[in-house]
Amino acid sequence: MKYFWFGWLLATSISSCSLPADKQANSTVRIRWNRDPESLSPLTLPNQNAVDAATLLHCSLLQVDLSTGTYAPALADSLPRMQLLGDSLTHLRYQLRHAAAWDNGRPVLATDVAFTLKLIFCPGLPNEKARTQLGFIRDIKLDPTNPRHFTLVCRGQAPEFGFESGEFPILAEDALDSKHSLRQFSLASVATANTAEPTLAALAARYQQADLEDHSGRLPGCGPYKLAAWKKNQYLTFERKTHWWADSLRPAPLVLQAKPTKLHFSIIKDDATATLALRRHELDVLPQASARDFKRLQALAATQQRFAFYTTTSYEVVTAGFNTRRPLLRDSLTRQALSRLFDPARLLQATQLGQGQRTVGLVHPNDHRYYASNLPLLAYDLPQAQVLLQRAGWQHRPTGWTRPAAKGQSEHLALALRYRAEDPVFQTIALQFKAAATQLNIPVELRPTESSLLTTALREGDFDMYVRIQKGNPFAFNYASMLHSRNVQEGNFSKFGTPATDRLIEAVATAETPAQKRQLLQRFQVMLQQQAPLVPLFFLPYRLVTDRRLQNVYPSAIKPGYSAPTMTWTDAAPVLAQQ
Amino acid sequence: MRLLGRWLAAQVGRAFLAAWAIASLVFLLSRLDAAKATDLLLGETDNLGTAVLRADADTIQHQARQAIEQRLGLAEPLFYTTRTQQAGTVSWHWHGLHNQYHRWLVGLLHGHLGLSFRDGQPIGPRWRAALAYTIPLTFLALLGAIVGALLVGLVLADGPQAALSGWRAGLHTLLTGLQGLPLFALALGLLFAFANPDMLNILPAYAGSPDDEELWGQRALRLVLPVLALVLAVLPELALLLAHTLRHELSTGYATTARAKGLSNGKLLRRHALPNAILPLLTALAGLLPALVAGAVVVETIFALPGTGRLLAEAVAMHDYPVVVAGVLFTALARLLALALADALYAWADPRIRLVP
């Protein structure tokens, strides 16, 4: 008898533990995150998951519409009107939506935007990253006749200001500064004040006391969700507000849709565990699945019927770079020759099981406006590499490749390749390159390096070649960080840059018309292939697996790669209609 | 009793002193890479953006770095003194009490572990939250391993005195195999065996549940696989050691005499051999902590438990040094206290051993 009771208890516990999705609340969506957001303070946002969480809790002026891959108005009622003043100032005119309101019914006004900007520039707060990103905003001018209208005064001129100026969560002035003490300060005076200024110090103290990193509820946002639960490194639950201001918009733009009544994010670091959790109905959405798990799930008959599989080409490009300050690699012919030793086609197959896309350069291959499809794709070609080496002055001897150098000396072609340790993609690329180089009798020393040390080594120029991932986006074509001579101390690890290429990069970044940009980007891609300071090998894929019954997923190449707030269950329509 | 008190006080004092020395060393070494804090907070350099084209980009970046250093107290001198060398002359500069190390030490004495480089938040609550998961996990695993080792050790020793045979030999081989298996393979094996729709789909795949209304029984089930993985990771070593020592005890003169007097093998094992065989087990138990800490990293990662192992591993990977220093402090303290406890238990189990304060 006792065995019967034990068996019954065990069976009950087990069966209730693995409830199928059908028995869960109909409009709840459970999503895997591979790391904790760490902080929900809208000023800090240390990683992508924190950014995604902030989008649920708060609204920005503009937000990315994943269905079109463009910025769309959120709190703003339209994209900003840009006005160039002289050659060093830009004015951006914004109008807030009439319907936009905080949870207590108070409208979202230009004073809230001004307060948020002052908070971002306030000394003594953990806002350094946001401050760096929005450093081009110098002032905000409110319109005395229209409390929802304001103008951002920006220093400099760039097309990207149009969307970058609107991409920060707007906070409620009353929640942190009910006495409106910051209104006496201009944005510029806040930015230049020191931490001892009494009003600003008091504000900083209030902000720190609120402990918003862990208690986002103390700062109510005007986003569609509120944080219901957060167990660090375990899960977060967001609950849909019963009454949200954007519910009254007809038709509701995609960036202002919020369908699921609950969004659960489970923090599961291990890929195998996450895949099993998906198969056991403990998850509904598995973003950024590994290539192996994705293929395996696709191959299983049992999972084919239950899950939908999406692949998009991300804006993350795997890139090999050369240290152009090294005498061995100072000439473009040598760099071009060494580029031919990479085999992107086979590497894409080996590391991504064929998903992702090869490329001619840094422009995304799916961006048909600007991608130079007339240029040849980089291909593995040992004979061509040999020819190019000889043209660069190298002579093949039994001991290797040598060429005359200064002061009657000769230099020997031998390379050290650095990449982030413990990353199988980089390791595979490095091994393939070494194998190809060995065939040409070029010694290559592989130096897998811990990520922090790698950044230091790259900054200090302690490498011949590197392999790493370069992250981009569909909005900005600004390659200065990685290729402008001004940034050789920061992100331009190849130390490349001539006056001519600097001018080209600046022209690309500031081009105003699509035609002008297309022409300049074509020149830029040709230059990149000819000079070869770095070699884009392939764009990585994003792989997404969801429950087949989930609709409006909007798989995207833009992070996070899916749209959580728009998801609906095909059989959950009646529940949603009641909201 | 007074002797034991003095001895314990001396041991605990030594443990604290050693833990302080180790943590201080790690603190000072880690602060040599303080630039990492600014890198962490300012984000990665591999993203495209417009900031880099502005004429004052360098100034803005420099100001941001300065602001972070100021906010986290990294602008102060590292230690009480600084050694400088100019034109071949070495000079020492005294900074007084306004230095990072002094601030950290005073904070530590007041129970503050410092601020995370990652988000500028206090570390103490984070460690407390993580310990709330790791302590029950490791305690359950330790308990399971000890009980399991006693049972398995006694079963293995309770047989013919010649070489092991039959199912005992099989069990011995199984334990030896388990001992050689890396923990990640063991944990993944358990996961694929018991939480896999293709195999036995009877246990949850991960320990964290988003459902606050989950019953305690279901919550307990979520801990089965992590605890089992840790138990199986440490049990073989303990069980094989105990079995070996027990068999050695059974071959000694007093065991032969006891048998000659008609004592059964089982009674002989439990009443006479086990108290003598327990001593090496105590030493092994004291040495178990590093294995459990290392094991917790793997188990907490695979089963998605937010414990100290995962916190420490992620802090190391992210170069969040204040979190690492706190972890070193806890681990060193726990290890040293475990050694002191093992010494005390040794003295309790064997009256011939004397405690010297």
Subject >> Residue within segment B:262-273 that is out of contact with any Gly (no Cβ under 8 Å at 6 or more places or on another chain), within 14 Å of chain A (Cβ to nearest Cβ), hydrophobic (A, V, I, L, M, F, W, C) and surrounded by fewer than 19 Cβ atoms within 10 Å (Cβ to Cβ) present >> reply: no
**OP:** Taking B:Ala187 as the residue in question, decide whether it is open to solvent by less than 30 Å² (accessible area, probe 1.4 Å) and assigned to a helix (DSSP H, G or I).
**Re:** yes
Original post:
Quick one: is A:Pro555 open to solvent by 30 Å² or more (accessible area, probe 1.4 Å) and either touching a residue at least 40 places away in the same chain (Cβ under 8 Å) or touching a strand residue (DSSP E or B) at 6+ places or on another chain (Cβ under 7 Å) (or both)?
Top reply: yes
Original post:
Assuming A:Leu212 fulfils every condition listed in (1) of a type outside the set (Phe, Trp, Tyr); (2) out of contact with any strand residue (DSSP E or B) (no Cβ under 8 Å at 6 or more places or on another chain); (3) modelled with pLDDT of 90 or more apart from one, which condition is it?
Top reply: (3)
Subject >> Residue satisfying all of: in segment A:474-492; surrounded by fewer than 19 Cβ atoms within 10 Å (Cβ to Cβ) and out of contact with any Asp or Glu (no Cβ under 8 Å at 6 or more places or on another chain); farthest from the other protein chains (Cβ to nearest Cβ) among these >> reply: A:Val488
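Which ones in segment A:191-216 are part of a loop (DSSP other than H, G, I, E, B), open to solvent by 40 Å² or more (accessible area, probe 1.4 Å) and more than 30 Å from A:Tyr71 (Cα to Cα)? Spell out how you get there, then give the answer.
Looking only at segment A:191-216, we keep the residues that are part of a loop (DSSP other than H, G, I, E, B), and these are A:193-197, A:211-215.
If we keep only those that are open to solvent by 40 Å² or more (accessible area, probe 1.4 Å) as well, we get A:194-197, A:214-215.
If the condition is that a residue be part of a loop (DSSP other than H, G, I, E, B), open to solvent by 40 Å² or more (accessible area, probe 1.4 Å) and more than 30 Å from A:Tyr71 (Cα to Cα), then A:Asn194, A:Thr195, A:Ala196, A:Glu197 are the ones that fit.
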Subject >> Residue list for segment A:32-74, restricted to those being closer than 30 Å to A:Arg279 by Cα and aromatic (Phe, Trp, Tyr) >> reply: A:Trp33
**OP:** Could you list, in sequence order, all residues of segment A:508-522 that are crowded, with 16+ Cβ neighbours inside 10 Å and assigned to a helix (DSSP H, G or I)?
**Re:** A:Val508, A:Ala509, A:Thr510, A:Lys517, A:Leu520, A:Leu521, A:Gln522
Original post:
Among helices (runs of 4 or more DSSP H) lying entirely in segment A:120-190, which contain 1 or more residues that are more than 28 Å from B:Leu72 (Cβ to Cβ) and not assigned by TED's automatic domain parsing to the domain that holds A:Ala509?
Top reply: A:161-164, A:173-176
Subject >> Cβ pairs under 6 Å, 6+ apart, first in segment A:450-475 and under 24 Å from B:Ala317 (Cβ atoms) and in a strand (DSSP E or B), second open to solvent by less than 50 Å² (accessible area, probe 1.4 Å) and of a type in the set (Asp, Glu) >> reply: A:Ile469/A:Glu316; A:Gln470/B:Asp46; A:Lys471/A:Glu316; A:Lys471/B:Asp46
Original post:
Checking B:Leu223 against (1) open to solvent by less than 30 Å² (accessible area, probe 1.4 Å); (2) within 24 Å of A:Thr237 (Cα to Cα); (3) touching a residue at least 40 places away in the same chain (Cβ under 8 Å); (4) in a helix (DSSP H, G or I), which single condition isn't satisfied?
Top reply: (1)
Original post:
Got at least one residue in segment B:233-246 being surrounded by 23 or more Cβ atoms within 10 Å (Cβ to Cβ), not small (Gly, Ala, Ser) and not in a helix (DSSP H, G or I)?
Top reply: no
**OP:** Within segment A:437-449, work out how many residues are open to solvent by 40 Å² or more (accessible area, probe 1.4 Å) and assigned to a loop (DSSP other than H, G, I, E, B).
**Re:** 2
Subject >> Residue tally, condition crowded, with 17+ Cβ neighbours inside 10 Å and either of a type in the set (Gly, Ala, Ser) or touching a Ser or Thr at 6+ places or on another chain (Cβ under 8 Å) (or both), over segment B:127-154 >> reply: 11
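The values are calculated or read from the model by the stated rules, or taken from the named source; none is laboratory data. Keep in mind it's a predicted model, so treat the numbers as computed, not measured. Quick reminder, even Gly has a Cβ in these numbers, built from the backbone with ideal geometry, and neighbours come from all protein chains shown. For the accessible areas, the whole protein counts, side chains as well, though only heavy atoms, and no ligand, DNA or RNA atoms are used. Shrake-Rupley method; radii C 1.70, N 1.55, O 1.52, S 1.80 Å.
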